[in-house]
Amino acid sequence: MKDKKLCGDMKDDKKEIKMRNDIILSEVVRLVEEGVSVTLPVDGRSMLPFIVGGRESAILTKPGKLKKGDVVLAWTDDRRYVLHRIIAIDGEKVTLMGDGNLQGMEHCTTDGVKAKATHVVDCKGRRRELYTPWRTMAARLWQKLRIVRRYLLKIYKITHRIR
């Protein structure tokens, strides 16, 4: 029996070029500021289960009016970019946390929010909205389940074959 590869694990014949994240993300921010919608491959597991790093990409646009629950690309106070969910806004201060993170939050100003993720695209090109009523409700519930998130993430990673 052949092993079934997940599309995020497949390699094709295309040449891979490695670039530093800061160079790529600076260009992404520049394009978004010019009004261009940018599709950015996501790496890491900090947004599980809503965005799967290494298998999905986020479509980024100008952020507009920010609200709790938005998934944004932000330049944080500790001088790095993250694609995380807004969990609180207090005036100009924004608090972020990855859906897959068990602890730890990032902080930035509203000016530090450079883009908003509107959709996620999987490796087969299927596109899904991040802010449907169902997804919004699921994200709110996920925030409330922070205490048991460790166990839910473990089950999710096993059932979806994520390392």
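The values are calculated or read from the model by the stated rules, or taken from the named source; none is laboratory data. Keep in mind that what you see is a predicted model, and the values were worked out from it rather than measured. We place every Cβ from the backbone using ideal geometry, glycine too, and count neighbours over all the protein chains shown. Heads up: the accessible areas ignore ligands, DNA and RNA and are worked out on the full protein's heavy atoms, side chains in. Shrake-Rupley method; radii C 1.70, N 1.55, O 1.52, S 1.80 Å.
Which of the residues belonging to the stretch 115-124 are part of a loop (DSSP other than H, G, I, E, B) and either at pLDDT 95 or above or touching a Leu at 6+ places or on another chain (Cβ under 9 Å) (or both)?
CYS123
Select from the stretch 85-103 the residues that are over 15 Å from ARG45 (Cα atoms) and polar (S, T, N, Q) and list them in ascending order.
THR95
Looking at ARG85, ARG128, ARG55, which is the one that is among the basic types (Lys, Arg) and at pLDDT below 95?
ARG55
List the number of the failed condition for GLY112; all other conditions in (1) more than 30 Å from THR159 (Cβ to Cβ); (2) at pLDDT below 95; (3) open to solvent by less than 40 Å² (accessible area, probe 1.4 Å) hold.
Every condition holds for GLY112 apart from (2).
Any residue at all in the stretch 95-102 that's modelled with pLDDT under 95, open to solvent by less than 30 Å² (accessible area, probe 1.4 Å), over 22 Å from VAL29 (Cα atoms) and of a type outside the set (Asp, Glu)?
yes
Quick check on this structure: which one of ARG128, ARG135 is out of contact with any Leu (no Cβ under 8 Å at 6 or more places or on another chain), open to solvent by 40 Å² or more (accessible area, probe 1.4 Å), in a strand (DSSP E or B) and over 18 Å from ASN21 (Cα atoms)?
ARG128 is the lone residue from the list that is out of contact with any Leu (no Cβ under 8 Å at 6 or more places or on another chain), open to solvent by 40 Å² or more (accessible area, probe 1.4 Å), in a strand (DSSP E or B) and over 18 Å from ASN21 (Cα atoms).
Considering each residue of the stretch 138-163, count those that are of a type in the set (Val, Ile, Thr), open to solvent by 70 Å² or more (accessible area, probe 1.4 Å) and either touching a Phe, Trp or Tyr at 6+ places or on another chain (Cβ under 8 Å) or more than 22 Å from SER57 (Cα to Cα) (or both), and give that number.
Count: 2.
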